[in-house]
Amino acid sequence: MYPPPRKDFIALTVSDPLSYPYNNGKHRKQSCWRKWKQLSRLQRSLILFLLALLLVLALLSHSSITKRWRGLPEKEDWLQLGDRDLNVIPAPPKPVLDPDAGKPPAPVVGPHLEPAEGQPDVAAESRGQIIPILPKPPTKRKRGPPSLQRDGNVSDTKGEEKKKQEAVPGEGEEEKKIVSWRGAMIEADQTTEPPPSANEKEAVAPPEPPEPAKPAIVVNPEVPTGPADRLEAVRDAFRHAWKGYKDYAWGHDELKPISKSFGEWFGLGLTLIDSLDTMWIMELKEEFSEARSWVEKELSFNKNVDVNLFETTIRILGGLLSCYHLTRDQLFLEKAKDIGSRLMPAFKTPSKIPFSDVNIGMGTAHPPRWTSDSTLAEVTSIQLEFRELSHLTQDPQYQEAANEVMRIVHKLPGKNDGLVPMFINTNSGQFSHKGVFTLGARADSYYEYLLKQWIQGGKTEDELLEDYLQAIEGVKKHLVKQTGPGRLTFVGELTHNGFNPKMDHLVCFLPGTLALGAHNGLPGDHMDLAVQLMETCHQMYQQMETGLSPEIAHFSLHAGEGQDVVVKPADRHNLLRPETVESLFYMYRFTKDTKYRDWGWDILQSFNKYTKVPGGGYTSINNVRDPMNPGPRDKMESFFLGETLKYLYLLFSNDTELLSLDKYVFNTEAHPLPIWPTPPN
């Protein structure tokens, strides 16, 4: 109910000499306020909300228009654009007048640009801060190849070209954009242009008048112009990783690229020795020369330190032996003999099954403190190296010790159709913890070395071949299954007669090993299984948002629309492992199917996008399912240079005689050792 009108005032209207009327404005204001107060609370709230909404829309509209007219000069403005704003029609290209103008930009995996002198360090300012600059993940959960997940290719490429022409006209390289997550800096994607066409080349040749260049076709950066580009991309990746190691971890075991420091495991320069043959294969002569100098002057095994027999054998002994064969430099053979003799105390056990740990300075060995067992993979994956050491030195002790282990395992009870348990006791020489069978951690390279020892020895050791063939039949019988949704073939685990649809990334060595066996005359269905498993290992990368595989995958056995690959939170990390690219190398060498090269290229691009650190190095990450924050772990394993990048380089090389698989066999750390000639009958 409204209050009665007031009658205690008089309204006057007067005129000034110029005849301008005068109204009681103060009363007018008071009257409007009274009307506002007479509205209900709901009505007043609604009016205020509408006014605020109009104000916000006006501000947003003004900001968007301003940015468009300013031409987006700032990097941050470009990064905040939505998909709608990126659909800008590029200006038609100008005629090509400079020979360099039609060349494609530099490969996207080149080294990061460092801050200019006198400029603040971007990495230092952004540490501890997450900047959402990485490309948006796709709206749907499906993930195609990384090439299908980029937005705004045309506009951002044109923008970069415009900046390049304004800053340094005529140069063929453009500055790489750098983004940051938790202290790790990563290069944003760049697009590339195809090489100049014949018409474009004629446009720059005098005295012909220049012809207008055809409109640039924006191609995805993950599809390079040729094999040479991919080879150089791998070389660039190695140089970048090596730069970090040289600057911050020289002579130490591992680089910590985020903190720009190092980690020690055995104190033997693991990364340096693991990388020697990779540098030689890639013809990185300057880097190799520096590393060789360190081996000659600094590397000493006379240290009171416990080392792991298996890891030291495959990385250091294998690396030195391989480097000797490639270079014929006696230095590497002498160092190999030194470390080989220091590892021999591991075999002094009651059962002849070696201890897992050796003190290379004291000449003593022991099992782990918590058990008297050794893992099966550790004691059966040292044979290639010790056998080769005997072959070179004509000292049989190394080969005899290693072969004795294989003879014991060959006769042991407790196998399941060729499958072996994961542990073996060094006192009794018997399998322990029976009932669990896997091709993953603690057992994987046992199966690999059965085949490779047979090949190394000239295909004369029938017991090794027998064990290998029986094991593959056991794998097909007990461990090979298919997923329900996509019918992907995978290798699971057998746990006390129960099947577990779990597959380690380590198991992705198997397609390559099966293909190698088929190449050496083993049954053709081994190759069929290799093709199927290779597809599955590819999908372990493809179905992840970062394009990188998790450490462990689980597979769905139920039919339906669910995902084939399921990743548990504890298994989402990626350690820069080599097993998938290793198998891609074998599969391409034997089939020449270019899809295997394309898959390897996708993996390299994902490594560059999510694990590359400015200043040098690559880091393992915590979460392959979160492209906005993969979570760097601040560690670059030595096998990234020794295996992952080496296999990628060999995958992209057209030289089939470069480490021919009819002349060399690779140890489980990717160090090539020669195949012995078949002895005369």
Quickly run through segment 294-328 and pick out the residues that are open to solvent by less than 30 Å² (accessible area, probe 1.4 Å) and assigned to a strand (DSSP E or B). Val307, Asn308
Any idea which of (1) in a loop (DSSP other than H, G, I, E, B); (2) among the charged types (D, E, K, R); (3) closer than 20 Å to Gln543 by Cβ is the one Lys609 doesn't satisfy? (1)
For segment 369-386, which residues satisfy the criterion of being open to solvent by less than 20 Å² (accessible area, probe 1.4 Å), in a helix (DSSP H, G or I) and either touching a strand residue (DSSP E or B) at 6+ places or on another chain (Cβ under 7 Å) or within 22 Å of Val305 (Cβ to Cβ) (or both)? Leu376, Val379, Leu384, Glu385, Phe386
Run Glu535 past the list (1) acidic (Asp, Glu); (2) assigned to a helix (DSSP H, G or I); (3) under 19 Å from Arg572 (Cβ atoms) and report the number of the one that doesn't hold. (3)
When segment 558-616 is examined, which residues are found to be without any contact (Cβ under 8 Å) to a residue 24 or more places away in the chain and either touching a Leu at 6+ places or on another chain (Cβ under 7 Å) or over 25 Å from Asp655 (Cα atoms) (or both)? Val566, Lys568, Pro569, Ala570, Asp571
Is there a residue in segment 417-432 that is open to solvent by 10 Å² or more (accessible area, probe 1.4 Å) and within 30 Å of His325 (Cα to Cα)? no
Is there a residue in segment 492-510 that is part of a loop (DSSP other than H, G, I, E, B), modelled with pLDDT of 95 or more and over 30 Å from Gly457 (Cβ atoms)? yes
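Residue-wise test of (1) among the basic types (Lys, Arg); (2) open to solvent by less than 50 Å² (accessible area, probe 1.4 Å); (3) more than 27 Å from Thr271 (Cα to Cα).
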{"residue": "Met544", "(1), (2), (3)": "no, yes, yes"}
{"residue": "Phe555", "(1), (2), (3)": "no, yes, yes"}
{"residue": "Pro569", "(1), (2), (3)": "no, no, yes"}
{"residue": "Asn574", "(1), (2), (3)": "no, yes, no"}
{"residue": "Arg577", "(1), (2), (3)": "yes, yes, no"}
{"residue": "Phe585", "(1), (2), (3)": "no, yes, no"}
{"residue": "Phe590", "(1), (2), (3)": "no, no, yes"}
{"residue": "Ile603", "(1), (2), (3)": "no, yes, no"}
{"residue": "Tyr610", "(1), (2), (3)": "no, yes, no"}
Go through segment 433-449 and give me each residue that's under 29 Å from Ser341 (Cα atoms) and open to solvent by less than 30 Å² (accessible area, probe 1.4 Å). Ala443, Asp444, Ser445, Tyr446, Tyr447, Glu448, Tyr449
Can you pull out every residue in segment 495-508 that is open to solvent by 20 Å² or more (accessible area, probe 1.4 Å) and closer than 21 Å to Glu579 by Cβ? Asn500, Pro501, Lys502, Leu506
For residues that are over 24 Å from Ser583 (Cβ atoms), open to solvent by less than 10 Å² (accessible area, probe 1.4 Å) and touching a His at 6+ places or on another chain (Cβ under 7 Å), tally how many sit in segment 616-648. 1
Return the pairs, sorted by first residue and then second, in which the second residue is basic (Lys, Arg) and modelled with pLDDT under 95, the first residue lies in segment 346-368 and is closer than 12 Å to Asn427 by Cβ and open to solvent by 30 Å² or more (accessible area, probe 1.4 Å), the beta carbons are less than 8 Å apart, and the residues are 6+ apart or on different chains. none
Could you list all residues from segment 387-399 that are surrounded by 14 or more Cβ atoms within 10 Å (Cβ to Cβ) and free of Cβ contacts under 8 Å to residues at least 40 places away in the same chain? Ser390, Asp395, Gln399
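Residue-wise test of (1) outside any strand (DSSP E or B); (2) on the phi < 0 side of the Ramachandran plot.
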{"position": "Ala553", "(1), (2)": "no, yes"}
{"position": "Gly560", "(1), (2)": "yes, no"}
{"position": "Gln563", "(1), (2)": "yes, yes"}
{"position": "Ala570", "(1), (2)": "yes, yes"}
{"position": "Arg577", "(1), (2)": "yes, yes"}
{"position": "Val581", "(1), (2)": "yes, yes"}
{"position": "Leu584", "(1), (2)": "yes, yes"}
{"position": "Met587", "(1), (2)": "yes, yes"}
{"position": "Phe590", "(1), (2)": "yes, yes"}
Which condition breaks for Pro511 when tested against (1) touching a helix residue (DSSP H, G or I) at 6+ places or on another chain (Cβ under 9 Å); (2) open to solvent by 10 Å² or more (accessible area, probe 1.4 Å); (3) closer than 30 Å to Ala570 by Cα? (2)
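The values are calculated or read from the model by the stated rules, or taken from the named source; none is laboratory data. This one's a predicted model, so the numbers in the text were calculated from it and none came from an experiment. All Cβ positions, even for glycine, are placed from backbone atoms using ideal geometry, and neighbour counts span all protein chains on display. Side chains included, ligands, DNA and RNA excluded: accessible areas come from the protein's heavy atoms. Shrake-Rupley method; radii C 1.70, N 1.55, O 1.52, S 1.80 Å.
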